[in-house]
Amino acid sequence: MTSPHDTAERFHALHRAGNPLILPNAWDVASARLVEHAGAAAIATTSAGVAWSLGAPDGDQLDREPALDLIARVVAAVGVPVTADIESGFGADPAGVTETIRGVVRAGAVGVNLEDADSAGPEPLRPVGAQCERIAAAREAANATGVRLYVNARTDTYLLGVGDPAGRLAETLERAAAYLAAGADGIFVPGVTDPATVSELTNGIAAPVNILAGPGAPSIGELAMLGVARVSVGSKVALSAYAVARRAAEELLGPGTYTELAGALSYDELNRLLGDKS
């Protein structure tokens, strides 16, 4: 049986500039198994999808324990490394982040996303110093377990449109450098996909860069050529699944037809997938 230490090392090694780790984010056990069966080298959860599946809105509204329980369930169901999106750490202060990280490692995950957005604060992003304290707390807590947890520090400068657009790249690079110095292993910059800016990010950040992709973004191959080391799609797969649910419900309750149910997985296929732990 592979040790958590070895699994963590394996996950670190999957981050290679120009040959990115591709993560179609999952939100429950079934979606994680489907992603693994499709050939993914690792599983990443989406905090939004997880929160929605558990009846909460995204944005630091989900309690820590349900989130950790879901992580443990996913880890137990798959045979590849799991990295968990823990929003801003499910804690009001660095001590709270410490408790969350301990729980993440106990659950068996070997990576986390830790964002600097502050949904409850006066500004959209936490001050750099305050976020560095949270990253340092995560690093220290993980190291104390003996597991080299991959801390993917997310900055929402582009996603939330923070500050003057002309200075956004410099702000992102400044935050990235500070987060790496505080103990992060990689940098996640959602909200930007234009090739010129992505290239500036990969050239200016001395660590693996994660880009959030989706319709309209460059292809995986194009992102690889730009030096990206990790590509994820966040909540987009979950949103697509929920869109099917809504369309099917509206069709059934409206014209009373069934076209939206075409193309579904077979009952036996999904049942077998969840029963097969190989």
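Tabulated values for the structure
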| quantity | calculated |
| --- | --- |
| Which numbered condition Ala92 fails, given (1) without any contact (Cβ under 8 Å) to a residue 40 or more places away in the chain; (2) assigned to a loop (DSSP other than H, G, I, E, B); (3) crowded, with 21+ Cβ neighbours inside 10 Å | (3) |
| Count of the stretch 206-238 residues which are touching a Gly at 6+ places or on another chain (Cβ under 9 Å) and touching a residue at least 24 places away in the same chain (Cβ under 8 Å) | 18 |
| Single residue of Asn113, Asn143 found to be touching an Asp or Glu at 6+ places or on another chain (Cβ under 6 Å) and either more than 26 Å from Val75 (Cα to Cα) or not β-branched (Val, Ile, Thr) (or both) | Asn113 |
| Residue, farthest from Asn152 (Cα to Cα), within the stretch 100-119, restricted to residues that are of a type in the set (D, E, K, R) and without any contact (Cβ under 8 Å) to a residue 40 or more places away in the chain | Arg106 |
| Out of Ser219, Ser199, Ser235, sole residue that is exposed (fewer than 13 other Cβ atoms within 10 Å of the Cβ) and hydroxyl-bearing (Ser, Thr, Tyr) | Ser219 |
| Output for the stretch 1-16, where each listed residue is farther than 18 Å from Arg102 by Cβ, modelled with pLDDT of 95 or more and either touching a Leu at 6+ places or on another chain (Cβ under 8 Å) or among the hydrophobic types (A, V, I, L, M, F, W, C) (or both) | Phe11, Ala13, Leu14, His15 |
| Any hit, the stretch 141-163, residues being buried (at least 16 other Cβ atoms within 10 Å of the Cβ) and free of Cβ contacts under 8 Å to residues at least 12 places away in the same chain | no |
| Pairs, first in contact (Cβ under 8 Å) with a residue 60 or more places away in the chain and on the phi > 0 side of the Ramachandran plot in the stretch 59-74, second assigned to a loop (DSSP other than H, G, I, E, B) and among the hydroxyl-bearing types (Ser, Thr, Tyr), C-beta under 6 Å, six or more apart | Gly59/Ser119; Asp60/Ser88; Asp60/Ser119 |
| Selected residue [of a type outside the set (A, V, I, L, M) and closer than 30 Å to Asn203 by Cβ] from Gly55, Gly79, Gly18 | Gly18 |
| Selection within the stretch 103-146 - part of a helix (DSSP H, G or I), closer than 16 Å to Asp93 by Cα and of a type in the set (S, T, N, Q) | Gln131 |
| When residues of the stretch 34-86 are limited to those that are of a type in the set (D, E, K, R) and assigned to a loop (DSSP other than H, G, I, E, B), the one modelled with the lowest pLDDT | Asp60 |
| The stretch 246-278 - residue that is exposed (fewer than 11 other Cβ atoms within 10 Å of the Cβ) and among the hydrophobic types (A, V, I, L, M, F, W, C) and, of those, farthest from the chain's Cα centre (by Cα) | Leu253 |
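The values are calculated or read from the model by the stated rules, or taken from the named source; none is laboratory data. None of the values given here were measured: they were computed from a predicted structure. FYI the Cβ positions are ideal-geometry reconstructions off the backbone, even for glycines, and counts take in every protein chain you see.
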